[in-house]
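Written below as structure tokens is the structure these notes are about.
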Amino acid sequence: AAARLVAPARTRELLPTPDYDTWLGSDAATRWRLVAEAWLAADRFFARSAEAGTHPLGQEAYAPAAAGLRLIVLRLVADAPPGTVLDLDQIADAVAWHRPRLRHGPLTAQQLVRWTWREASWLGLAALGAASSLACVPLRPDEPISTELTELFPAPVAHFVIQADLTAVAAGPLEHTVATELRMLADQESRGVGGVYRFGAASLRRAFDLGWSAA
């Protein structure tokens, strides 16, 4: 939502926006960067809305100071060599030094840092308790992502293997156009770097209804 890829509808559902279709056609590194930069500038603590009984875009996560605090934390993470295991209490102490009012609540620096760290881990800016080499990218929006970092993203494939049990197996993330057609023709059963898709009467009916012929 912060990247304007989804928006709430009147039914309180989150639906894709027109920008989402354009975003899907980009390479993985570009898609990731758009979301990471939107996260960095957002006025919300997203981890707070991931707790039980909350709504993904609920007001409980709104915090005008979130972007500034997130920037402090990410700079501290980016200053550490990739792979360095960081102590969240020490990061919280550093944040409290920059934002003295956090020492008096109602939310403590420790809580805000843990929320921010959790969100950073979702995006790959931190991993397994350590700083990631991707942490510096959102801090440099005018610089292209280096080749070394773009190569960390899995390369899309344009082919898959049809098996005798009416499934198709993709050995990696499918290119957008291929994935769109395959999800129309078959139901996706597993996700990950690759995926398994199963053909059935209902899935083929879906394709017929959209104008595909038997041939």
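Note on the range 65-153: semi-axes of the ellipsoid equivalent to its C-alpha gyration tensor, largest first and rounded to whole Å, are 25, 13, 10. The slack between residue 87 and residue 178, meaning 0.36 nm per residue of separation minus the straight C-alpha distance, is 28.4 nm.
What ratio of Cα Rg to 2.2 N^0.38 Å holds for the range 34-95?
1.25
In this simple spin-label approximation, residue 171 and residue 127 carry label points 7 Å from Cα along the Cα→Cβ vector, and these lie 2.2 nm apart. Once the mean 1/r over all distinct Cα pairs of the range 98-199 is inverted, what Kirkwood radius in angstroms do you read off? Answer for the range 98-199: a Kirkwood hydrodynamic radius of 17.2 Å.
Using only the Cα atoms of the range 155-198, build the gyration tensor, take square roots of its eigenvalues as a ≥ b ≥ c, and label the shape rounded, prolate or oblate: rounded if a/c is under 1.5, else prolate if a/b is larger than b/c, else oblate. Write down the numbers at each step before the final one.
On the way: a/c = 1.59, a/b = 1.34, b/c = 1.18.
Because a/c hits 1.5 or more and a/b exceeds b/c, the range 155-198 counts as prolate.
Rolling a 1.4 Å probe over the heavy atoms of the protein chains gives the range 36-134 an accessible area of 53 Å² per residue.
With the cut-off at 1.5 for a/c, could you classify the range 1-82 from its C-alpha gyration tensor as rounded, prolate or oblate? Show your work: numbers first, answer last.
Working: a/c = 2.45, a/b = 1.17, b/c = 2.10.
Note, shape of the range 1-82 comes out oblate.
Helix 109-123 axis versus longest C-alpha principal axis of the chain: approximately 30°, rounded to the nearest ten. Compare 76, 166, 15 in a GNM of the chain, Cα atoms joined below 10 Å, and give the one with the largest fluctuation. Looking only at 76, 166, 15, the largest GNM fluctuation is found for 166.
Helix 66-79 and the longest principal axis of the Cα set of the chain meet at an angle near 90°.
When the chain is treated as a Gaussian network with alpha carbon springs shorter than 10 Å, the biggest mean-square fluctuation among 103, 191, 140 belongs to 191.
Just the protein heavy atoms count here, and of the accessible area of the range 133-215 at 1.4 Å, carbon and sulfur take up 58 percent. Structure remark: mean-square fluctuation, Gaussian network model of the chain, C-alpha springs under 10 Å; the largest value among 63, 109, 127 belongs to 63. Between residue 148 and residue 108, the contour length at 0.36 nm per residue exceeds the Cα-Cα span by 10.7 nm. So if the hydrodynamic radius of the chain is defined as the Kirkwood radius over C-alpha pairs, what does Stokes-Einstein give as its diffusion coefficient at 25 °C and 0.890 mPa s, in µm² per second? Roughly 123 µm²/s, to the nearest whole number. In this structure, the amide hydrogen of residue 6, modeled 1.01 Å from its nitrogen in the peptide plane, lies closer than 5 angstrom to those of 17, counting only residues at least 5 positions away or on a different chain. Label reach from residue 188 (point 7 Å along Cα→C-beta): in the range 1-44, no amide nitrogen lies under 11 Å.
The values are calculated or read from the model by the stated rules, or taken from the named source; none is laboratory data. Given the structure is predicted, the values throughout are model-derived calculations rather than measurements. Every residue, glycine among them, receives a Cβ derived from its backbone with ideal geometry; neighbour counts consider all protein chains shown. Side chains included, ligands, DNA and RNA excluded: accessible areas come from the protein's heavy atoms. Shrake-Rupley method; radii C 1.70, N 1.55, O 1.52, S 1.80 Å.
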